[in-house]
Amino acid sequence: YILEALNHPNIIRFLGTFDSKAGYLNIVMSYAEGGDLSKRIKDTKGTYFPENVILGWFTQIALALKHIH
(Lines give C-alpha, C1' and ligand atoms only; values in the text may rest on other atoms or scores of the structure.)
Protein backbone atom coordinates (compact mmCIF):
# COMPACT_ATOMS: atom_id res chain seq x y z
CA TYR A 1 0.00 0.00 0.00
CA ILE A 2 1.10 3.55 -0.64
CA LEU A 3 0.18 4.48 2.94
CA GLU A 4 2.87 2.11 4.25
CA ALA A 5 5.59 4.11 2.50
CA LEU A 6 4.59 7.45 4.07
CA ASN A 7 6.93 8.38 6.92
CA HIS A 8 6.37 11.96 8.07
CA PRO A 9 5.70 13.54 11.48
CA ASN A 10 2.45 15.12 10.22
CA ILE A 11 1.01 11.92 8.74
CA ILE A 12 -0.58 9.27 10.97
CA ARG A 13 1.17 5.91 10.54
CA PHE A 14 -0.56 3.13 8.63
CA LEU A 15 -0.63 -0.17 10.55
CA GLY A 16 -2.63 -2.51 8.34
CA THR A 17 -5.99 -3.49 6.88
CA PHE A 18 -8.64 -6.12 7.38
CA ASP A 19 -11.96 -7.01 5.76
CA SER A 20 -15.12 -6.99 7.88
CA LYS A 21 -17.75 -9.70 7.72
CA ALA A 22 -19.98 -7.19 5.90
CA GLY A 23 -17.36 -6.91 3.14
CA TYR A 24 -15.91 -3.50 4.09
CA LEU A 25 -12.20 -2.73 3.94
CA ASN A 26 -11.00 -1.35 7.28
CA ILE A 27 -7.77 0.68 7.49
CA VAL A 28 -5.92 0.57 10.83
CA MET A 29 -3.92 3.70 11.68
CA SER A 30 -1.83 4.75 14.69
CA TYR A 31 -3.57 6.42 17.61
CA ALA A 32 -3.74 10.21 17.31
CA GLU A 33 -3.13 11.40 20.87
CA GLY A 34 -4.65 14.84 20.31
CA GLY A 35 -7.69 13.51 18.44
CA ASP A 36 -8.69 14.70 14.99
CA LEU A 37 -9.57 18.13 13.64
CA SER A 38 -13.29 17.36 13.51
CA LYS A 39 -13.34 16.57 17.24
CA ARG A 40 -11.37 19.71 18.06
CA ILE A 41 -13.86 21.85 16.12
CA LYS A 42 -16.87 20.22 17.80
CA ASP A 43 -15.28 20.68 21.24
CA THR A 44 -15.05 24.47 20.78
CA LYS A 45 -18.85 24.78 20.83
CA GLY A 46 -18.89 27.84 18.55
CA THR A 47 -15.82 29.69 19.82
CA TYR A 48 -13.01 30.62 17.46
CA PHE A 49 -9.49 29.22 17.42
CA PRO A 50 -6.63 31.71 17.79
CA GLU A 51 -4.98 32.66 14.49
CA ASN A 52 -1.61 31.19 15.52
CA VAL A 53 -3.26 27.79 16.16
CA ILE A 54 -4.91 27.80 12.74
CA LEU A 55 -1.65 28.82 11.03
CA GLY A 56 0.16 26.00 12.85
CA TRP A 57 -2.38 23.44 11.69
CA PHE A 58 -2.27 24.82 8.14
CA THR A 59 1.52 24.53 8.13
CA GLN A 60 1.36 20.90 9.29
CA ILE A 61 -1.21 20.04 6.61
CA ALA A 62 0.83 21.80 3.91
CA LEU A 63 4.03 19.96 4.93
CA ALA A 64 2.21 16.61 4.90
CA LEU A 65 0.78 17.31 1.43
CA LYS A 66 4.23 18.37 0.18
CA HIS A 67 5.65 15.06 1.44
CA ILE A 68 2.94 13.06 -0.32
CA HIS A 69 3.56 14.82 -3.65
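The values are calculated or read from the model by the stated rules, or taken from the named source; none is laboratory data. Please read these numbers as outputs of a predicted model, since none were measured by experiment. Every residue, glycine as well, gets a Cβ built from its backbone with ideal geometry; the counts of neighbours run over all protein chains shown. Accessible surface areas use protein heavy atoms only, side chains included; no ligands, DNA or RNA. Shrake-Rupley method; radii C 1.70, N 1.55, O 1.52, S 1.80 Å.
How high is the FRET efficiency between SER30 and ILE61 when r is their beta carbon distance and R₀ equals 30 Å, given to the nearest 0.05?
Details: r = 17 Å, r/R0 = 0.58.
With R0 = 30 Å, the Cβ-Cβ based efficiency is 0.95.
Per residue, how much accessible area does the chain show when a 1.4 Å probe rolls over the protein heavy atoms, in square angstrom?
On the way: 6130 Å² over 69 residues.
For the chain, the solvent-accessible area averages 89 Å² per residue.
Suppose we look only past 18 Å in the calculated P(r) of the chain. What percent of the Cα-Cα pairs does that tail hold? Numbers along the way, then the final one.
On the way: 1279 of 2346 pairs.
Looking at the chain, the distances longer than 18 Å represent 55 percent of pairs.
Nearest 0.05, what FRET efficiency do HIS69 and THR44 give at R0 = 30 Å with Cβ-Cβ as r? Don't jump to the answer; show the numbers that get you there.
Working: r = 31 Å, r/R0 = 1.02.
Efficiency, from the Cβ-Cβ distance: 0.45.
Once every DSSP H run of n ≥ 4 in the chain is given -39500 (n - 2.57) and the sum is divided by its residues, what mean residue ellipticity at 222 nm do you get, rounded to the nearest 500 deg cm²/dmol? Could you put the intermediate results ahead of the total?
Working: 3 runs with 29 residues, N = 69.
It lands at -12000 deg cm²/dmol.
Going 7 Å from the Cα of VAL53 along its beta-carbon direction, which residues of segment 9-42 have the amide nitrogen within less than 16 Å of the resulting point?
Within reach of a label on VAL53: 34-42.
Where the accessible area of the chain is counted over protein heavy atoms with a 1.4 Å probe, how much of it, in %, is carbon and sulfur? Don't jump to the answer; show the numbers that get you there.
Numbers: 3730 of 6130 Å².
The nonpolar share, carbon plus sulfur, comes to 61 percent.
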